[in-house]
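*Asks:* Sending over a structure as structure tokens; questions will come in a sec.
The values are calculated or read from the model by the stated rules, or taken from the named source; none is laboratory data. Not measured: the values here are computed from a predicted model. All Cβ positions, glycine included, derive from the backbone under ideal geometry; neighbour counts span all protein chains shown. The accessibility values were calculated without ligands, DNA or RNA, using every heavy atom of the protein model including side chains. Shrake-Rupley method; radii C 1.70, N 1.55, O 1.52, S 1.80 Å.
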Amino acid sequence: GLGQGMKVMGRWEEARECWELALMVEPSHVIAMGHLAAYYGDAGQVDECIAMFDRILEIQPDQLMAAQSRLFAINLSASWTTEDIFREHISWGQKFSSQLREKPENVPFSLHTIDRHRDRHLRIGMYQ
């Protein structure tokens, strides 16, 4: 849409205005909400970012990427206590861990298996 075009051209404020206008026209437009959440996160407006993800999850409670991105943003917010962040992680795990195990083809990111053998080699960092 127009908001994405503005973003690609580096016209962030105009992109934000387009997404906000889209929400005025269609208040449940989750794609515009996702773009706004990313905008707020990139702008350092973490609590606004979280609020936008909350709106998405009110409409689509099983939206894994929104829930995961919200959880990431919560870790960056000065408004959340360590205990509240911990509870959010537990809640996220309880809600989505079975979904991740049962339908790995629907997971939008890579799952890694962990070699739990005690004599395994520990690899730190990435190499090619």
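Per-residue answers, yes or no, for (1) modelled with pLDDT under 85; (2) assigned to a loop (DSSP other than H, G, I, E, B); (3) in contact with a Cys (Cβ under 9 Å, 6 or more places away or on another chain); (4) farther than 19 Å from ILE56 by Cα:
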residue	(1), (2), (3), (4)
GLN68	no, no, no, no
GLU105	yes, no, no, yes
LEU122	yes, yes, no, yes
TYR127	yes, yes, no, yes
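*Asks:* I've got another one for you. For region 68-88, how many residues are of a type in the set (Lys, Arg) and surrounded by fewer than 16 Cβ atoms within 10 Å (Cβ to Cβ)?
*Replies:* 1
*Asks:* Does region 48-65 hold any residues that are farther than 14 Å from ALA38 by Cβ and of a type in the set (D, E, K, R), and which are they?
*Replies:* ASP54, GLU58, ASP62
*Asks:* What single numbered condition from (1) free of Cβ contacts under 8 Å to residues at least 40 places away in the same chain; (2) in contact with a Gly (Cβ under 9 Å, 6 or more places away or on another chain); (3) of a type outside the set (Ser, Thr, Tyr); (4) open to solvent by less than 90 Å² (accessible area, probe 1.4 Å) fails to hold for MET65?
*Replies:* (1)
*Asks:* Considering each of ARG11, ARG16 in turn, give the residue that is of a type in the set (Lys, Arg) and surrounded by fewer than 16 Cβ atoms within 10 Å (Cβ to Cβ).
*Replies:* On inspection, the qualifying residue turns out to be ARG11.
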